[in-house]
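Below: one structure, written as structure tokens.
The values are calculated or read from the model by the stated rules, or taken from the named source; none is laboratory data. As the structure is a prediction and not an experimental result, all values here were calculated from the model. With ideal geometry, Cβ positions are generated from the backbone for all residues, glycine too; neighbour counts draw on all protein chains shown. These area figures cover heavy atoms from the full protein model, side chains too; ligands, DNA and RNA do not enter into them. Shrake-Rupley method; radii C 1.70, N 1.55, O 1.52, S 1.80 Å.
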Amino acid sequence: MNLGMIGLGTVGSSVFKRIEESKEEMQRLLKARLDVVCILVKDRDKGRKGKGELLTTTDWELFSEACTYDVVFEAMNGVDPAYTYTKALLTRGTAVVTANKKLVSEHGEELEELAQMHGTYYSYDACVAGAIPIVSALKSTLATTDVARISGILNGSTNYMLTEMTEHGRSYSEVLKEAQQLGYAEEDPTADVSGYDAWYKIRILSKLAFGSWPQEEAIGRTGLESLHHWQVQIAREHGFSMKLVAEAECDTNGKPVGRVGVALVHRSHPFYSVSGVTNGVLVEGEDIGELLFTGPGAGGAATANSVVEDFVLHERASYLRRSPRATPWSEREAKQQYAVFSSREDVSAVKHSLGERGITIHVARSYEEGALFVIEAERTSHLPYPLYRIYGEFEKQMEHTH
Ligand code: NAP
Ligand code: HSE
């Protein structure tokens, strides 16, 4: 089999290494000889070391004409020109295995259809939750399972940052820099801290769990922008950890809806112990109860493992195509608890504004830096403050003041 690669950065170089290391076993399983023929990169003068360097080119024409590829592993940043290259490859009947979640989130539907039309596959297990084979599980072993909700800590960088800030009192800028150095963060880390990276991933999971791509506006998104250190510390004092959580479920019309945002996760909830670069994905349904998947969510080796296993799985067996059965939430579950933080100067204004909207404050506590209000709101309600969804019950932890 002729293998091609696009990208030889954190993920690409680990994919190359993983193929070299497990070549013999893969060849035995696939009953074929495997050769990486050519690698497309942006800059040949990067001073890369290793065998992969000898196979690099910056010329797309040269890359695409080097041979007839059986599969190309795509691990570059952003939509263009990855989209153009992927379309050209799939049109020729070449399978593409990608780690590029932004591209899949924006054009996955079209690219999957194109692959089918040309008798090949477009596969993206490595796009979501690093080493966790959640995409493959939803496509194959959970193919006919009724899923009511799917949620997760899907961004390794921010989970690493929040863990370091909470447990070791480190600063935001210091831990962001470290996440970049460790190869966890995106080329532009704004995608991580603004919640976009998790947003791309929950879109992909929604499609797999509920059978259709969510409308852009159906998944709300906030990131770490409004988070302050004192809020993290106060949450911790009450047995909560602050984490960027993404979740999606089916509305009563059968359409996926959801959100990405910082949440207060109580220590009784399975996400509480998902720390550092680890990701966690919770799949809920009537028959399955709660299925929790955890594992390394970012980094070269973890992602490369998913890329390679995704390829091997596709080559060894044809997938059961997922025929999702999605159940909307019951009325009983329609309300959720949220925390609202207010700075010291704004305490009475926030209180007043919540009251004006007819929102009951279940718990209110004052702190040196400001106040914390726990409210119950419909999922759709809009407030002019960041809402931190609460996982686990707050009221059991704190006395009622209202
Ligand atoms: P990276 O280290 O920045 O590597 C990107 C690679 O793409 C580089 O080798 C770069 O070439 C190449 N490239 C960029 N623009 C190109 C162009 N126009 N033509 C040809 N090659 C081009 O990024 P990464 O961390 O490996 O991430 C790659 C992809 O995987 C991204 O889509 C990311 O979202 C996704 N991903 C990353 C992780 C992770 O933990 N890092 C995990 C899952 C998914 P040069 O080397 O010459 O600059
Ligand atoms: N930047 C991403 C993260 C890489 O931190 O989760 C893995 O998709």
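Under a model in which nothing but the beta-carbon of Lys, Arg (+1) and Asp, Glu (-1) is charged, the chain shows a dipole of about 540 debye around its Cα centre. Remark: the stretch 19-137 is approximated by an ellipsoid whose semi-axes, taken from the C-alpha gyration tensor as √(5λ), come to 22, 19, 16 Å, largest first.
Loop-resident GluC sites (Glu not before Pro) (DSSP state other than H, G, I, E or B) in the stretch 267-305 with no more than 11 further Cβ atoms inside 10 Å of their Cβ: Glu286. Ordering Phe311, Phe341 by accessible surface, largest first, gives Phe341, Phe311; the 1.4 Å probe counts only protein heavy atoms, with every chain in place.
Sorting Glu110, Glu356 by solvent-accessible area of protein heavy atoms yields Glu356, Glu110, largest first, with a 1.4 Å probe. Taking the 1.4 Å solvent-accessible surface of the chain as the whole, the part contributed by carbon and sulfur is 47%.
Taking label positions 7 Å along the Cα-Cβ direction at both Tyr367 and Glu174, the computed distance is 2.0 nm, reported to one decimal.
Here the stretch 224-288 has an Rg and Dmax of 14.0, 41 Å, counting Cα atoms alone.
Distance from the alpha carbon centroid of the stretch 211-226 to that of the stretch 9-73 works out to 35 angstrom.
A 1.4 Å probe run over the chain, with the rest of the protein chains in place, finds 45 Å² accessible per residue.
Calculated mean residue ellipticity, 222 nm, the chain: -10500 deg cm²/dmol, from DSSP H runs (n ≥ 4) at -39500 (n - 2.57) each, averaged per residue and rounded to 500.
Dimensions of the chain from C-alpha coordinates, computed as largest minus smallest value along each principal axis and given longest first, are 71, 45, 32 Å.
Other residues whose C-beta falls under 9 angstrom from the C-beta of Glu247 contribute a net charge of +2, scoring Lys and Arg +1 and Asp and Glu -1.
Protein-only accessible surface at a 1.4 angstrom probe places the residues Arg221, Arg203, Arg44 in the order Arg44, Arg221, Arg203, largest first. With unit charges on the beta carbon (Lys/Arg positive, Asp/Glu negative), name the residue among Val374, Val347, Val312 whose Cα is farthest towards the positive pole of the charge dipole of the chain. Towards the positive end, the residue furthest out is Val312. Computed from phi, the 3J(HN,Hα) profile of the stretch 34-46 under the Karplus parametrisation 6.51, -1.76, 1.60 (θ = phi - 60°) reads 10, 9, 6, 8, 8, 10, 8, 10, 8, 9, 7, 9, 7 Hz, with x in place of Gly and Pro.
The mean sequence separation of alpha-carbon pairs under 8 Å and at least six residues apart, normalised by the residue count of the chain, gives a relative contact order of 18 percent.
Would you work out the charge dipole size for the stretch 120-255 about its Cα centre, treating the Cβ of every Lys and Arg as +1 and the Cβ of every Asp and Glu as -1, and quote it to the nearest 20 debye? Walk me through the numbers on the way to the answer.
Values: 11 positive and 18 negative charges, 70 e Å.
Result for the stretch 120-255 is approximately 340 debye, rounded to the nearest 20.
The modelled label-to-label distance between Glu217 and Thr252, using points 7 Å beyond Cα along the C-beta direction, is 2.0 nm. For a straight C-alpha distance cut-off of 29 angstrom, the lysines reachable from Lys207 (same-chain residues fewer than eight places away being disregarded) are Lys87, Lys101, Lys102, Lys139, Lys243, Lys255, Lys335. Taking the Cα centre of the stretch 1-152 as reference, the dipole from Cβ charges on Lys and Arg (+1) and Asp and Glu (-1) amounts to some 480 debye. Arg170 exposes around 40 Å² of accessible area when a 1.4 Å probe is run over every protein chain in place. Shape of the stretch 116-211 from the C-alpha gyration tensor: prolate (a/c of 1.5 or more and a/b above b/c, with a ≥ b ≥ c the square roots of its eigenvalues).
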